[in-house]
1. Looking at the stretch 134-150, which of its residues are outside any helix (DSSP H, G or I) and free of Cβ contacts under 8 Å to residues at least 12 places away in the same chain?
2. Looking at ALA131, ALA124, ALA110, which one is without any contact (Cβ under 8 Å) to a residue 24 or more places away in the chain, farther than 19 Å from GLU47 by Cβ and more than 12 Å from the chain's Cα centre (by Cα)?
3. For the stretch 100-110, name all the residues that are closer than 17 Å to HIS62 by Cα and surrounded by fewer than 18 Cβ atoms within 10 Å (Cβ to Cβ).
4. Checking GLU75 against (1) touching a Cys at 6+ places or on another chain (Cβ under 9 Å); (2) acidic (Asp, Glu); (3) over 27 Å from VAL49 (Cα atoms), which test does it fail?
5. Going by what's in this entry, would ASP91 be described as of a type in the set (D, E, K, R) and surrounded by 13 or more Cβ atoms within 10 Å (Cβ to Cβ)?
6. When you go through ALA101, ALA131 one by one, which is the residue that is of a type in the set (Gly, Ala, Ser) and either assigned to a loop (DSSP other than H, G, I, E, B) or under 15 Å from LEU17 (Cβ atoms) (or both)?
7. For the list (1) at pLDDT below 90; (2) surrounded by 15 or more Cβ atoms within 10 Å (Cβ to Cβ); (3) assigned to a helix (DSSP H, G or I), I need the number of the one condition that ASP113 fails.
8. Which of the residues belonging to the stretch 74-88 are touching a residue at least 24 places away in the same chain (Cβ under 8 Å) and surrounded by 18 or more Cβ atoms within 10 Å (Cβ to Cβ)?
Amino acid sequence: MSDDDERTRVIAWAAELRRAHSRLRDALQAVRDALQDGADVPTASRELVLYCRGFCTALDQHHRGEDRALFPAIEAEHPELAPVLRRLEQDHSMIDVLLTALSSAADDGAAADEIGRHLDGVGAIMASHFAYEERQLLQVLETLGLQADPDEVLGRL
């Protein structure tokens, strides 16, 4: 592997995390847009459920991949970050609870305002979580020696 290939591989994790967060923010906005487009109409409600399911699945896969592969790799190279990683894992658990409630509300045909409140809660925690994660980990990710498929580590969207 050339020095350029090695540098590209190493830098990729910071860039991949930024891209994953951007895609998830876009997915949340797509759900919000579907809600504003008339989620009380039966056809729009079915579309909203699909958007909610897709978003919930994507965010869940992102967090599971981080917990399973990314965070252990970071901790192996930077044990001093263990408290940061535990906080991020706690956020993942909290977000999972919120996603389950959102998914249930969408599946049950909840009114648009109720779905909106769920989206607001998920969106607020997600924004805070992503900002903290990026502040704490992007510099570390620029030098992380993890060789893995980014889709498996950060989720597909």
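1. ASP149
2. Values: ALA131 fails: more than 12 Å from the chain's Cα centre (by Cα); ALA110 fails: farther than 19 Å from GLU47 by Cβ.
The conditions single out ALA124.
3. THR100
4. So the condition that GLU75 fails would be (1).
5. yes
6. So the residue among ALA101, ALA131 that is of a type in the set (Gly, Ala, Ser) and either assigned to a loop (DSSP other than H, G, I, E, B) or under 15 Å from LEU17 (Cβ atoms) (or both) is ALA131.
7. (2)
8. ILE74, VAL84, LEU88
The values are calculated or read from the model by the stated rules, or taken from the named source; none is laboratory data. No experiment lies behind these values; they were computed from the predicted model shown. Virtual Cβ from ideal backbone geometry, glycine too; neighbours counted across all protein chains shown.
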